[in-house]
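Throughout, read-outs are computed from the coordinates displayed, never taken from laboratory work. Everything quoted here is computed from the prediction, not taken from an experiment. Here the Cβ positions follow ideal geometry from the backbone for every residue, glycine too, while neighbour counts run over all protein chains shown.
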Amino acid sequence: MIHDAITEGTVRCLLGSGDPRLRNFRLCNACGSCTPYCPARINDPGANGDPGYLARRVTAALQAGRRPEVNLADCVQCYSCETVCPRSVSIGGIINAVYEAEHVQPIFRRMLLDRGCLPSHAFFPVYASKGRLANFVAKVVRYPYRVDGRAADEVRSLLENPVGASAFSPPNGTEPARPLAPPDRVFHLRSCCAFNYPGADASQRRIFDALGVRYVTSRSQTCCGGAPHYMGGAGFADRLLLTARNLSVIQDLWGADDEIAVTGICPTCSDSYAAALELLSGSANRAAANEALAGIGREVGSPEIFSVANILNLYPLYLDEIRGLIETRLSGLRVGVHVSCHYRKMNGSLAVPPGLQNLAAITGAQVVRSRMEQYCCGGVKNLFDRHLSGHANELSRLNRLACLDFAENDLDVMVVDCPGCELVYDHIGIPVLHVTELLALAMGADPRETVYLQGHLTSLSPALGRIGLL
Ligand code: SF4
Ligand code: SF4
């Protein structure tokens, strides 16, 4: 569909738009560095042995003002290509700009307009395809998630008065982010995907309580725009403005000069905040954002007071304290770890950070190195695309690779840092735990009350029953 929708007119329009996602594609020299890292094999070098296949198919076509002759719908929006490119060309970003131009997934935009977030019914098809309606209803009843009415009105107003991506310029020589220091208190984001794993969110709060880290939440916080953005339902500027609005909400809750660490269980949220803070560090960008925010009576201040405390950066600061809090060692459990693409995108490095392995290891579980440590799970976008096209339970090539890797390594459970990856693994039949769930279980949390394991689509009873935890 995407392939057919991209006309020469769309390409011309994008090329003339000044969209920051297309900022430097002319610098692409088809070096091929990105080629091996595209999990969707949009740029499968096996197709013709051309290491610059992806570049020639996408950037070279754009340079010539033609539409790329490749099915861009296969892109899982992992941004591995952007992360690895020595010239900071973003094939994923270009494809995302096409999604925006073609209004892909208008249903998610509608949900943002109505609710200010992806509400529970956004996920209904995932449960329906598995015949798990009772599971869905139980979560709706037990864990209602709504943003407050004023916040939803503000989101609607922002989306109904859209700002073009060209209003913003790529950051220019921004300072590297300060190393994260243990914060006194954090703002804990409630991510939309937490609907599926309320136990991951509850586990995070339990861990903070145990560590003595104070956390603040707010129902005025809305979706950051991240998940809808990568699926085509929110544009580049929409995501920036939704996140900037949330920063303004958070700022109002804090003392005037205090530093604010923003955390949560979702790396896509972390990436939205990191990207927004980087863009807002430019005074022209901040002025453009504040011009839009003024329409809803809000303003975002200096980004320097904020830091993004993604859990894979935050928890390792407390490794010794967490180790001291482990009550139930999970020895005998063979776990694989999977680091989300968006965490690595945020860090600007494809290297697998040691944080997730170290955290899993201190629970006593046996961490088994597997390919899925750094490979894409298949992506939430692909999961929703399959539901929309009526092939909900058909596995993608990446899904099959994940299943094969799980079986070959004789794993009991995959451990992830992302509720989106968790949903993908869970839906394709792989027992999975968010790292917050794993840590909370090891710290003695009730598997059903706090971690709410019965809410998973794939049962964890065989794995956790074997080690006496269920
Ligand atoms: S997009 Fe970047 S990494 Fe890929 S071929 Fe072009 S210059 Fe090389
Ligand atoms: S974002 Fe990921 S799937 Fe899309 S082109 Fe880049 S590497 Fe390939």
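At-a-glance table
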{"quantity": "Leading residue at positive end of dipole, the chain (Cβ point charges), from V339, I207, L398", "calculated": "L398"}
{"quantity": "Potential extension, R66-L253 segment - 0.36 nm per residue separation minus Cα distance", "calculated": "62.4 nm"}
{"quantity": "Whole-Å semi-axes of region 355-462's equivalent ellipsoid (Cα gyration tensor)", "calculated": "24, 17, 11"}
{"quantity": "Gain on full stretching of the segment that runs from L470 to R397 - 0.36 nm per residue minus C-alpha separation", "calculated": "23.0 nm"}
{"quantity": "Helical mean residue ellipticity (222 nm; -39500 (n - 2.57) per DSSP H run of 4+; nearest 500) of the chain", "calculated": "-12000 deg cm²/dmol"}
{"quantity": "Long-range amide H partners of S370 with built H, under 5 Å", "calculated": "V337"}
{"quantity": "At R0 = 51 Å, FRET efficiency that the Cβ-Cβ distance of N135 and A351 yields, to 0.05", "calculated": "0.90"}
{"quantity": "For V216, distant residues with modelled amide H under 5 Å away", "calculated": "V186, F187, H188"}
{"quantity": "Given charges at beta-carbon only (K, R positive; D, E negative), |dipole| of the chain in Debye", "calculated": "660"}
{"quantity": "For region 324-335, Karplus couplings with θ = phi - 60° (6.51, -1.76, 1.60), whole Hz, Gly/Pro x", "calculated": "x, 9, 5, 9, 10, 6, 9, 4, x, 8, 9, 10"}
{"quantity": "From phi via Karplus (6.51, -1.76, 1.60), per-residue ³J(HN,Hα) for region 21-26 in Hz, x at Gly/Pro", "calculated": "5, 9, 4, 9, 5, 5"}
{"quantity": "Pair R448, R87: separation of 7 Å Cα→Cβ label points (nm)", "calculated": "6.0"}
{"quantity": "Estimated vicinal HN-Hα couplings, Hz - region 461-467 in sequence order (Karplus 6.51, -1.76, 1.60; Gly, Pro = x)", "calculated": "4, x, 6, 7, x, 4, 9"}
{"quantity": "Sorted by Cβ density within 10 Å, fewest first, the residues L401, L423", "calculated": "L401, L423"}
{"quantity": "Distant-in-sequence amide H partners of F306 (H built 1.01 Å from N, under 5 Å)", "calculated": "I260"}
{"quantity": "Two-site label geometry, R23 and R156: point separation in nm, points 7 Å out along Cα→Cβ", "calculated": "3.5"}
{"quantity": "Loop-resident sites, region 359-427, for GluC sites (Glu not before Pro), counting at most 14 other Cβ within 10 Å (DSSP)", "calculated": "E394"}
{"quantity": "Span from the region 372-421 Cα centroid across to the region 168-244 one, whole angstrom", "calculated": "24"}
